[in-house]
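Following: one structure in structure tokens, then a few remarks.
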Amino acid sequence: QKEVEQDPGPLSVPEGAIVSLNCTYSNSAFQYFMWYRQYSRKGPELLMYTYSSGNKEDGRFTAQVDKSSKYISLFIRDSQPSDSATYLCAMKRGATSGSRLTFGEGTQLTVNP
Amino acid sequence: GAVVSQHPSRVICKSGTSVKIECRSLDFQATTMFWYRQFPKKSLMLMATSNEGSKATYEQGVEKDKFLINHASLTLSTLTVTSAHPEDSSFYICSANGPLNEKLFFGSGTQLSVL
């Protein structure tokens, strides 16, 4: 069983839709949770960052972490064609210079105009 | 956020040649950098952890003689693919933890094509 499970999609939605992306994990030691957006042939771009449980909102994006359920979500409101990309969830245990991320497989999202 | 710069963005080389990829932290110091490899439509695969002033730590199955990593300063790590072969063709990405070590920032990636 993988440490982090993420539905690879692909997910296709019409412009303006609300998108929900999710990941589950098995290791309760994870404390730092991130969502990255990756366009084709580009490096991942940090979209949202959350420490421990809770919600964080940034513009059209909302990240939720439920540590009791080992479940994290990313919501995209009023989705735009420019949101079409692969979204990767990632998490790690500690905040040291050598702390590494564990990634989900990534969900490929297409927003159709 | 912190900026990680990676060059070149794309390189095409002949089989048997060596290719060097640079990764720089522009506005912060990074004692540790990470090198990933990514295949099409796949997630990132950690290759090695680069430590400033010491030897890199390679993941199981990654050939250290094939993928030479040097981290000579707090802002620069390099990955050299030695005697490249077509099977080394891939997308290589570097990253570093930001100043507070909470968030990981990525370079823009290097697409290597070996003919």
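The values are calculated or read from the model by the stated rules, or taken from the named source; none is laboratory data. Computed from a predicted model, the values in this text were never measured in an experiment. Note that we place each Cβ from the backbone using ideal geometry, even for glycine, and neighbour counts take in every protein chain shown. Only protein heavy atoms, including side chains, enter the accessible area calculation; ligands, DNA and RNA are left aside. Shrake-Rupley method; radii C 1.70, N 1.55, O 1.52, S 1.80 Å.
If you run the Gaussian network model on chain A, springs between alpha carbon atoms under 10 Å, then out of A:Gly54, A:Gly43, A:Gly98 the most flexible one is A:Gly98.
With a cut-off of 8 Å between alpha carbons and a minimum separation of six or more residues, what is the relative contact order of chain A in percent? Provide the component values of the computation, followed by the final result.
Values: 277 pairs, mean separation 41.3, N = 113.
Contact order relative to length: 37 percent.
Surface composition of the protein assembly as shown: carbon plus sulfur atoms contribute 49% of the solvent-accessible area (1.4 Å probe, protein chains only, all chains present).
Positive-end ranking of B:Cys23, B:Val81, A:Ser28 along the dipole of the protein assembly as shown, with charges on Cβ about the Cα centre, is headed by B:Val81.
In the protein assembly as shown, what % of DSSP beta bridges are antiparallel (nearest 5)?
90 percent
Measuring between alpha carbons in the structure, the pairs from A:Lys92/B:Lys41; A:Lys2/B:Lys20; B:Lys42/B:Lys66; A:Lys67/B:Lys66; A:Lys92/B:Lys14 lying more than 31 angstrom apart are A:Lys2/B:Lys20; A:Lys67/B:Lys66; A:Lys92/B:Lys14.
Among the GluC sites (Glu not before Pro) found in the range A:27-113, not one is both in a DSSP coil and sparsely packed, with 13 or fewer other Cβ atoms within 10 Å of its Cβ.
Between B:Gln38, B:Gln29, B:Gln60, the residue with the greatest mean-square fluctuation in the GNM of chain B (Cα pairs under 10 Å linked by springs) is B:Gln60. Given +1 at the Cβ of Lys and Arg, -1 at the Cβ of Asp and Glu and no other charges, the dipole of chain A around its Cα centre is 400 debye to the nearest 20. The residues of the protein assembly as shown present an accessible area of 47 Å² per residue when probed at 1.4 Å with all protein chains retained.
Could you pull out the trypsin sites (Lys or Arg not before Pro) across the range B:50-115 that fall in loop regions by DSSP (anything but H, G, I, E, B) with no more than 16 other Cβ atoms inside 10 Å?
Those that pass, being in a loop and sparsely packed, are B:Lys55, B:Lys64, B:Lys66.
Of the residues B:Met45, B:Asn70, B:Val3, the one whose Cα sits farthest toward the positive end of the charge dipole of chain B, with +1 on the Cβ of Lys and Arg and -1 on the Cβ of Asp and Glu, is B:Met45.
How many square angstrom of accessible surface are buried between A and B, both sides summed, with a 1.4 Å probe and rounding to 100? Heavy-atom accessible area buried at this interface is about 1900 Å². By the beta carbon rule, with partners counted only under 4.7 Å, the protein assembly as shown holds these lone Cys residues: B:Cys13.
Could you state the number of Å between the C-alpha centres of the range B:1-76 and the range A:49-87? After rounding, the separation between the Cα centres reads 29 Å. All Cα-Cα separations within chain B were binned at 10 Å from zero, giving a P(r) of 15, 49, 30, 5, 0, each value a whole percent of the pairs.
Annotation note: trypsin sites (Lys or Arg not before Pro) in the range A:25-61 located in DSSP loop regions with a Cβ neighbour count of at most 14 within 10 Å are A:Arg41, A:Arg60.
So if the hydrodynamic radius of the protein assembly as shown is defined as the Kirkwood radius over C-alpha pairs, what does Stokes-Einstein give as its diffusion coefficient at 25 °C and 0.890 mPa s, in µm² per second?
Working: Rh = 18.1 Å.
The estimated diffusion coefficient comes to 135 µm²/s.
Across chain A, the convex hull enclosing all Cα atoms gives 102 Å³ per residue. Evaluated with a Cβ-only charge set (Lys, Arg +1; Asp, Glu -1), the range A:1-66 carries a dipole of roughly 240 debye about its Cα centre, given to the nearest 20. Taking the Cα centre of the protein assembly as shown as reference, the dipole from Cβ charges on Lys and Arg (+1) and Asp and Glu (-1) amounts to some 320 debye.
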